[in-house]
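Trainee: Below is a structure I'd like to ask you about.
The values are calculated or read from the model by the stated rules, or taken from the named source; none is laboratory data. These numbers were taken from a predicted model, which means no experiment stands behind them. A quick note on method: Cβ atoms are made from the backbone with ideal geometry, for glycine too, and the neighbour counts reach across all protein chains shown. Surface areas here come from the heavy atoms of the whole protein model, side chains and all, with no ligands, DNA or RNA. Shrake-Rupley method; radii C 1.70, N 1.55, O 1.52, S 1.80 Å.
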Amino acid sequence: MADRVKNMTEGRPVSLMAAFAFPLILANLGQQLYMIADAIIVGKGVGVEALAAVGATDWSYWLALWVILALTQGFAIPISHYFGQGNKKKIRQTVAMSVKLCAVSGVILTAVCLAAACPLLRLLKTPENIFGQASSYLLTMFAGIPVVMAYNMAAAILRAFGDGKTPLIAIAVAGVTNIILDLLFVLGFHWGVVGAAAATVTAQFLAFLYCFVILKKMDLMALRKTDWAIRGYIIKSQCRLALPLALQQILIAIGGMILQSAINSQGFIFIAGFTATNKIYGLLESSAVSLGYAVTTYMAQNYGRGFYHRIREGLKGATLFAVALSVCISAVMIAAGKPVLSLFIDQTSADAPAVLDIAYHYLFIMSCLLFILYLLYVFRNTLQGLENPVGPLLSGIMEFAARVSVAWGFTRIWGDEVIFFAEPFAWVAATAVLIVTCLQTIRKLPDTLK
């Protein structure tokens, strides 16, 4: 398994990050594709109302998912630091504490989310004609939180070691399984939206199993009984990084849910159009997320080693790479947007043309401003790798404020068209804070090695 581990303290920064990010990009694209498969099969096989029902749960589920991603990423950052130092004992101990923290967090989060699912949908003004399907879908997804937590914990540990290949293979296997189960559960057994959710959770479980098998084979993961002893200073370090990231994601999601309530008040056709684009949004963002993971691992390993000059070089290279990648993706989405969006919409429905117009208008606006989102991930993840949780938290506050401003204020002044600009406006607000904070943090780093 040594060939899967990547030391990012040696070699050209951009080449290292690009090589690490590429399999993660493919993995995240695979994950998005099998989630898209849910939407396509539900939209085509069950109908526009079912598609709208799935879309009405987006922000509620993302709240849980983003908290999971933040916690698992935060718990794993110290692993990268110790990996950069070559401290195998600390790596084992930190991995053990990460498992304990994830187990406790998973149980608590599952209980809270299951209890809050239906009240959240009511709070978001989910239309009555889709409420039943939306609640069934969301409850099934929330029941699978322990599985999602387990997979993301394993993937975060692998990324801390510089391994981007294993998550790619895991998602490839899970993606094929998910599509097969979607067809079986939704079209074969006629389980509707519940079948789509069950297929997604089952696919995530398979992804976790594969990652677990690979981790067990790694020498770095040969945990001893003494490694499982509770170490408060390690847990404190992990929580110091993870909890602000989780709070940041909670703020972002709450802002998004407030915005979702404004979208829901427009009716199910508007919701369906936004849902179709939000599934594509996952594809737009997945490469940024993957690049962000590569940036965090690179920065954390070099920070742990004390190679501050490489941190500066890496930030410059990652910034240029992010802009170039986002421009290419935007061009593809603008050119191919309508045919892709049509995959989600039942063309026999009388509402199909209206849904498609709404979806493509939203997609075009986001594609034109996509480079801002990619810069957001570069600077946010740089700060995470440098153990600075304050900047990401401030950016989360700005995202929250931006979305709430659109939902509660700007729409009353300039009309419903402003809703289409809510996401880009949030990106701009967050990125401005991150750039200033990141540059200040890097200026304070010494010019020489520790």
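Trainee: Carbon and sulfur together cover what percent of the accessible area of the chain at a 1.4 Å probe radius?
Mentor: Values: 11770 of 16950 Å².
Accessible surface attributable to carbon and sulfur in the chain totals 69 percent.
Trainee: If you don't mind, another one. At 222 nm, what helix-only mean residue ellipticity would the chain give, in deg cm²/dmol to the nearest 500, using -39500 (n - 2.57) for each DSSP H run of four or more?
Mentor: Working: 16 runs with 362 residues, N = 450.
Result for the chain: -28000 deg cm²/dmol, rounded to the nearest 500.
Trainee: Could you rank 328, 211, 118 by how accessible they are, 1.4 Å probe, largest area first?
Mentor: On the way: 328 85, 211 0, 118 50 Å².
Descending order: 328, 118, 211.
Trainee: Let me ask something else about it. Taking the highest mean first, how do the peptides 216-223, 182-189 order by number of other beta carbon atoms within 10 angstrom per residue? It would help to have the intermediate numbers written out before the result.
Mentor: On the way: 216-223: 14.0, 182-189: 17.2.
Packing order, densest peptide first, comes out as 182-189, 216-223.
Trainee: What do you get for the angle between helix 165-182 and the principal long axis of the chain? Use alpha-carbon atoms, 0 to 90 degrees, nearest ten.
Mentor: 20
Trainee: Can you put 228, 191 in order of accessible area, largest first, using a 1.4 Å probe?
Mentor: Working: 228 95, 191 125 Å².
Listed by decreasing accessible area, they come as 191, 228.
Trainee: Continuing with this model, one more query. Between segment 135-184 and segment 68-104, how many Å separate their Cα centres?
Mentor: 19
Trainee: Related question: Once Lys and Arg get +1 and Asp and Glu get -1 on their Cβ, which of 375, 406, 190 lies farthest toward the positive end of the dipole of the chain?
Mentor: 375
Trainee: Longer than 21 Å from Cα to Cα, which of 279/338; 90/225; 88/236; 90/217; 90/444; 6/89 are they? Say none if no pair is.
Mentor: Working: 279/338 13 Å; 90/225 14 Å; 88/236 19 Å; 90/217 18 Å; 90/444 27 Å; 6/89 18 Å.
Over 21 Å Cα-Cα: 90/444.
Trainee: Largest first and to the nearest Å, give the Cα extent of segment 125-277 along each principal axis.
Mentor: Ordered largest first, segment 125-277 gives principal extents of 56, 38, 24 Å.
Trainee: Let me ask something else. Cα to Cα, under 17 Å, and not fewer than 8 places away if on the same chain: which aspartates and glutamates meet these conditions relative to residue 125?
Mentor: List returned: 49, 58, 416.
Trainee: Ok, one more. Out of the trypsin sites (Lys or Arg not before Pro) in segment 222-304, which ones are loop residues according to DSSP with at most 14 other C-beta atoms within 10 Å?
Mentor: Values: sites: 224, 225, 231, 236, 240, 279; in loops: 224, 231.
Of the trypsin sites (Lys or Arg not before Pro), the ones in loops of segment 222-304 whose Cβ has at most 14 other Cβ atoms within 10 Å are 224.
Trainee: Rounded to whole Å and sorted largest first, what semi-axes of the equivalent ellipsoid does the C-alpha gyration tensor of the chain yield via the square root of 5 times each eigenvalue?
Mentor: Values: eigenvalues 246, 122, 79 Å².
Values for the chain, descending: 35, 25, 20 Å.
Trainee: While we're on this one: Grab the eigenvalues of the alpha-carbon gyration tensor for segment 258-389, scale each by 5, take roots, and send me the semi-axes largest first in whole angstrom. Show your work: numbers first, answer last.
Mentor: Details: eigenvalues 274, 46, 20 Å².
That gives 37, 15, 10 Å for the three semi-axes.
Trainee: Next question. How big is the accessible area of residue 128 in square angstrom, nearest 10, if you roll a 1.4 angstrom probe over the protein chains?
Mentor: Near enough 130 Å² of accessible area.
Trainee: With every protein chain left in place and a probe of 1.4 Å, what is the accessible surface of residue 14, to the nearest 10 Å²?
Mentor: Approximately 50 Å² of residue 14 is accessible to the 1.4 Å probe.
Trainee: Percentage of Cα-Cα pair distances in segment 35-154 greater than 23 Å, rounded to whole percent? Mind dumping the intermediate values first?
Mentor: Values: 3050 of 7140 pairs.
Of all Cα-Cα distances in segment 35-154, 43 percent exceed 23 Å.
Trainee: Quick one: what do you get for segment 204-279 if you divide its Cα Rg by 2.2 N^0.38 Å? Write out the running numbers ahead of the final one.
Mentor: Values: Rg = 20.8 Å, N = 76, 2.2 N^0.38 = 11.4 Å.
Working it through for segment 204-279, the quotient is 1.82.
Trainee: Just for the Cα atoms in segment 357-450, what are the lengths along the principal axes, largest first, rounded to whole Å?
Mentor: So the three principal-axis extents are 56, 24, 14 Å.
Trainee: Restricting everything to alpha-carbon atoms, can you work out Rg to Rh for segment 295-335 with a Kirkwood hydrodynamic radius? Don't skip to the answer; put the middle values down first.
Mentor: Details: Rg = 13.9 Å, Rh = 11.4 Å.
Rg divided by Rh gives 1.21.
Trainee: Treating the angle as unsigned and between 0 and 90°, give the value, to the nearest 10°, between the Cα long axis of helix 370-385 and the longest Cα principal axis of the chain.
Mentor: Long axis of 370-385 versus the principal axis of the chain: about 30 degrees.
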